[in-house]
Structure formats: structure tokens, C-alpha cells
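Asks: Right, I'll just put the structure down here and ask away after.
The values are calculated or read from the model by the stated rules, or taken from the named source; none is laboratory data. Because the structure is predicted, anything quoted here is derived from the model rather than measured. Cβ sites come from the backbone with ideal geometry, for glycine too, and all protein chains shown count toward neighbours. In case anyone asks, the SASA skips ligands and DNA or RNA and just uses the protein heavy atoms, side chains included. Shrake-Rupley method; radii C 1.70, N 1.55, O 1.52, S 1.80 Å.
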Amino acid sequence: MKRWFRTLVITIFALAAVSLIVIQFIQTRRTFSISDNMFNVSVNNAMDEVVHQMSGEVFQTAAHPATAFNYQDLDSLIVEELLLNGIDLHPVVGIYDGSQGSFLYTSDSRREESLERSPYRYNFSPIGVVSSGQYFIILAFPETELFLQSNTKVYIYMTIFLLVVIATMFFISLRTLAAQRKLDQMKTEFINNMTHEIKTPISTIGLACEMLRDDSVSQDAATRSNFLGIIADENQRMRVLVETILQSAKMSNKNFSINPKKVDINTLVSTVLQSFRLTLSNRGGTIETHLDADPSVLDADELHLTNMVYNLVDNAIKYSVDAPRIEVGTLCKEGHIILTVRDHGIGIAKENQKRVFEKFYRVSTGNVHNVKGFGIGLNYVSQVVRLHHGHIALESELGEGSTFTVSLPMV
Ligand code: ADP
């Protein structure tokens, strides 16, 4: 997916999500206000009926409402009428005498203040009342908010739920897009690096073959052996390269297993180091060996162990500036064979030391080094160690060099 297209998709998605949030917000407020209006209409309808009934036969006899009314009957009449209009609430009821500016009756004296502030006031003039006072029935609903909320609660919860779902999907899509982009980048880098790494030994082998075809060169036994050595080394490099890529893919499979047999680690290390002879002499480097493991035999998969040592030594050379100085050693300790590969190369910064064992991870090079690679060598090495129930450790100092220590159980 092109970068501009991806940006466009993300922008449209973000705009749509924001619009949806705004619409939902407006809609929710509208629902609140509709519920509010409906509530008012229902209360007014109920109270019309109450006022009508209060002005009827029952209340006509007395001279003053304070003595005329049976307030309990009034309360139950109000509750009944409210219920008939769909409101299942018990309001605070007050009878207010406007001419005196005081309440003749309140169903809850502690709520007088809310009654005074209440918009639900209904003027009534019972027939037969001599007093010219203005009488009001006032209702207060301390639980109105709760009542309205319970009506709109489901709607609000649904809205919030849908918004959370949309936002989650949006972020998942963004992450998937980012991951896809990274994967694309890694794929391109991998193909570029592989082409480079395979092209180099192929052209070196081609060149060596050309030289061997030349009669004047092939007559000399030492030169001939030198070129044959180059071919063998480069062939080994390609073999390990291909093997590392293939085996690393296979190792991801849970059912992958190794083929252990008796392997002499000192002999194995010496054989691997042989194939770096020419590379080292070309770069004026040296390898110091301390193959002190005794006994040196362990149960291991020879092929994977060979590739493991090859990868570690290859890195030690690759990531050394100028002439590489490498030290390789083996020793026995507490039932384990310890293999160390030390270099005095560019080293690895603390923050990258854990990550170098991740698949495809390469320390971002900057100006530090310009070495080609796939970022799977150390991951493969750590997988081999794991399959042998061993342990790998890295000690490194930026600019000073690195030491990889592999410890493998002898039985
Ligand atoms: P690569 O093919 O890039 O060498 P590896 O998995 O072998 O992949 O190594 C991962 C990264 O770890 C390398 O890109 C490099 O930055 C760092 N690294 C590995 N070995 C060494 C070393 N001996 N010295 C310095 N850096 C190293």
C-alpha cells in the first residue's frame, strides 16, 4: 500500500470516527432532552387530573384547604395519577399558600427548600374555599435525574460500547497497517541482503575457477591449493548461509527436533576455524584458540553446532574493524562445556544486547558499520542452544568488543 494512500485511509477513518462520536454525543443529549420533556408532559397531565379532582365534591365542604384536605388521600391520588402517566415515583408534595408565603402542608418537611425551587407548581382553587389566598400544589422529584438516567442508561451504555468497539478496531487496523509496513520493509531488506551475501561467494568462486583454468596458474601446486581453499571456504560460507535461513524457518515449528550424537567440540571448533583461514589472512586478522575442554565430547547435533560456531565466529570477524583479533576457547565446568567467542570489534550497546537474539533484529548501523546481514544468525544460534538445553550469554562494551559464552550440558 502506498504511503499517501495509507495516510488518506487513516485520515478518513479518523474523521469518520470523530464525526460519529460528535453525532452520538448530540443524539444522546437530544434523547436526554426528549425524556425530560416527556417527563414534564406526563407530570402535567397527572396533575391536571389531580387538580380537577381536588376541585370536585370531596374538597368542597371546608372553608380552608388546611382543614379540608385529607393529605394522605392527596398523596396517594398524586402517586396514582403519576403512575397512570407512566411515572413510578413518589414525589415530595407541598400545599403552598401564596398570600401567606408559607407551606400549609409538606409531605417531607426537610425538603421544603427543594419544593420552593421546584418548577412543578399547580394553582388550584377548590370551590367553597372562602379565603382569597392563592393555593398551589407543588411537587418536587429529588430522584428525577435517576429516573431519567435509568431511561436513557441503556442507550448511553450502548453508545459507549459501540464507540469503544470502533476505537479498538481503529487502533487494531493502525497497528496491523504499521506491522504490514514493517514486514514489507523487512522483506525488501532481507532480499537485498541475501542477494548481496550470496553474490559475493558466487563471484569469488567464479574468479577462483577462472584462475584455475589458466594453465600458468594451475601448474603451480601451492597456488592451485590456495584457490581450491578459496572455493572450499566460500562454498562453506554459502552452505552455512542457506542452512541458517532454512533451519531457522524450520525451528519455528514446534515439532522440530535435533539429531544428537557424540561430537567432539574441540575438533568441531578447529574444523570451523579452518574455513576462516583465508578471510582472516585477507584482513590481516588472527584467531587465538584455547581449546581446553577435557573431556570434550558431548551429545549434540553436529550440523547445528557447526553452524552455531560458524555464525558466532563469522560475526566476530564481520563486526571487527580493521584486523580482527578473535579468541575462541572451550573448557569444562560443572558438567557443562563452555564455548567462548571473543572479539575486539565494534561491540554492542547495553540497550541492544537483549534484542540481538530476536529474529531479523539488526543494530541500527548509522555510521558505525556497514556490514550486510539478515539478522537471523544470532536468533538461530540461540535456538540451537535452546534445543541442546544450554544457555547463551553476551557481554559487550560499545567500541571495546563482545564475548559470547555458550554453555552446553555434557549429558
Ligand atoms: P546479522 O546477519 O545482521 O549479522 P545476527 O543475528 O548474526 O545478524 O546479528 C544481529 C545483530 O547483532 C547484528 O546486526 C549486529 O548488529 C549485532 N552483532 C552480532 N554479533 C556481533 C558482534 N560480534 N559484535 C558486534 N555486533 C554484533
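Asks: How high is the relative contact order of the chain? Use alpha-carbon pairs under 8 Å, at least six apart in sequence, and give a whole percent. Kindly include the intermediate steps, with their values, before the conclusion.
Replies: Numbers: 525 pairs, mean separation 43.2, N = 411.
Once divided by the residue count of the chain, the mean separation gives 11 percent.
Asks: Determine the relative contact order of region 198-242: mean sequence separation of Cα pairs under 8 Å and six or more apart, normalised by residue count, in whole percent. Please report the intermediate quantities before stating the final value.
Replies: Values: 28 pairs, mean separation 21.8, N = 45.
For region 198-242, the relative contact order is 48 percent.
Asks: A follow-up question, please. How large is the accessible surface per residue of the chain, computed with a 1.4 Å probe and reported in Å² as a whole number?
Replies: 58 Å²
Asks: Shifting gears a bit: Of the residues 203, 216, 320, which exhibits the maximal mean-square fluctuation in a Gaussian network model of the chain defined by a 10 Å Cα contact cut-off?
Replies: In the Gaussian network model the winner is 216.
Asks: Which helices count as membrane-span-like in the chain under these terms: full DSSP H, at least 24 Å along the axis by C-alpha, Kyte-Doolittle mean of 0.0 or more?
Replies: Values: long enough: 3-54 (76 Å, 0.61); 144-213 (101 Å, 0.46); 221-251 (43 Å, 0.06).
Both cut-offs are met by 3-54, 144-213, 221-251.
Asks: Between region 218-234 and region 181-200, what's the alpha-carbon centroid distance in Å?
Replies: Cα centroid of region 218-234 versus Cα centroid of region 181-200: 31 Å apart.
Asks: With the crude spin-label approximation of a point 7 Å out along Cα→Cβ, what separation in nm comes out for residue 189 versus residue 209?
Replies: Going by the 7 Å Cα→Cβ label model, 3.3 nm.
Asks: Treating only the Cβ of Lys, Arg, Asp and Glu as charged (+1, +1, -1, -1), what charge dipole size does region 228-278 show about its Cα centre? Round to the nearest 20 debye.
Replies: Values: 7 positive and 4 negative charges, 46 e Å.
Charge dipole of region 228-278: 220 debye, to the nearest 20.
Asks: Return the loop-located GluC sites (Glu not before Pro) in region 368-407 (DSSP other than H, G, I, E, B) with at most 15 other Cβ atoms within 10 Å of their own Cβ; answer none if there are none.
Replies: Details: sites: 395, 397, 400; in loops: 400.
Here the sparse-neighbourhood loop sites are 400.
Asks: In addition: Once the piece of chain linking residue 175 and residue 155 is laid out straight, how much longer is it, given 0.36 nm per residue of separation minus the C-alpha distance between them? Show your work: numbers first, answer last.
Replies: Numbers: separation 20, 0.36 × 20 = 7.20 nm, distance 3.02 nm.
Residue separation times 0.36 nm, minus the Cα-Cα distance, leaves 4.2 nm.
Asks: List the residues whose amide H sits under 5 Å from the amide H of residue 289, counting only those 5 or more places along or on another chain, with H placed 1.01 Å from N in the peptide plane.
Replies: Here the answer is 328, since their amide H atoms fall under 5 Å of that of residue 289.
Asks: Of the peptides 84-93, 106-115, how do they stack up when ordered by the mean number of other Cβ atoms within 10 Å, highest first?
Replies: Working: 84-93: 16.8, 106-115: 15.3.
Ranking, from highest mean packing down: 84-93, 106-115.
Asks: Follow-up question, since we're still on this one. Which residue, 222, 293, 167, tops the fluctuation ranking in a GNM of the chain built on C-alpha contacts under 10 Å?
Replies: Top of the fluctuation ranking is 222.
Asks: Related question: Which entries in the list 261/333; 187/350; 262/359; 254/333; 199/350 go over 23 Å, if you measure between the two C-alpha atoms of each? Present the calculation step by step, with values, prior to reporting the outcome.
Replies: Values: 261/333 21 Å; 187/350 27 Å; 262/359 29 Å; 254/333 31 Å; 199/350 33 Å.
Correct reply: 187/350; 262/359; 254/333; 199/350.
Asks: Placing +1 on the Cβ of each Lys and Arg and -1 on the Cβ of each Asp and Glu in the chain, which of 252, 103, 269 has its Cα farthest towards the positive end of the resulting dipole?
Replies: The residue sitting farthest along the positive end of the dipole is 269.
Asks: Right, here's the next one. Does the chain classify as rounded, prolate or oblate by the C-alpha gyration tensor (a ≥ b ≥ c root eigenvalues; a/c under 1.5 gives rounded; else a/b over b/c gives prolate, otherwise oblate)?
Replies: Judged from the Cα gyration tensor, the chain comes out prolate (a/c at least 1.5, a/b above b/c).
Asks: Dipole magnitude of the chain about its Cα centre, charges +1 at Lys/Arg Cβ and -1 at Asp/Glu Cβ only, in debye to the nearest 20? Each step should come with its number before you reach the end.
Replies: Working: 36 positive and 43 negative charges, 406 e Å.
Charge dipole of the chain: 1960 debye, to the nearest 20.
Asks: With unit charges on the beta carbons (Lys and Arg positive, Asp and Glu negative) and the dipole taken about the Cα centre of the chain, which residue among 157, 23, 54 sits farthest to the positive side?
Replies: 23
Asks: Related question: Report the full-extension gain for the segment residue 351 to residue 228: residue separation times 0.36 nm, less the Cα-Cα distance, to one decimal in nm.
Replies: Extra length from residue 351 to residue 228 when fully extended: 40.0 nm.
Asks: Another question about this same structure. Please check: in the Gaussian network model of the chain (C-alpha springs, under 10 Å), which one of 34, 337, 198 has the largest mean-square fluctuation.
Replies: Residue with maximal mean-square fluctuation among 34, 337, 198: 34.
Asks: Could I ask something else about it? At 0.36 nm per residue, minus the direct Cα-Cα distance, what do residue 283 and residue 32 gain on full extension? Give it in nm, one decimal, please.
Replies: So the chain would gain 82.4 nm between residue 283 and residue 32.
Asks: Take the alpha carbon gyration tensor of region 173-214, find the square roots of its eigenvalues, order them as a ≥ b ≥ c, and report rounded if a/c is under 1.5; if not, report prolate when a/b exceeds b/c, else oblate. Present the calculation step by step, with values, prior to reporting the outcome.
Replies: Working: a/c = 10.78, a/b = 10.10, b/c = 1.07.
Prolate, because a/c is 1.5 or more and a/b exceeds b/c.
Asks: For region 273-346, what is the relative contact order in percent, using Cα pairs closer than 8 Å and at least 6 residues apart in sequence?
Replies: On the way: 102 pairs, mean separation 27.8, N = 74.
Relative contact order for region 273-346 comes out at 38 percent.
Asks: Could you please state how large a percent of the accessible area of the chain is carbon and sulfur, counting protein chains only and using a 1.4 Å probe? Spell out each step's value before the answer.
Replies: On the way: 13580 of 23990 Å².
Percent of accessible area from carbon and sulfur atoms in the chain: 57.
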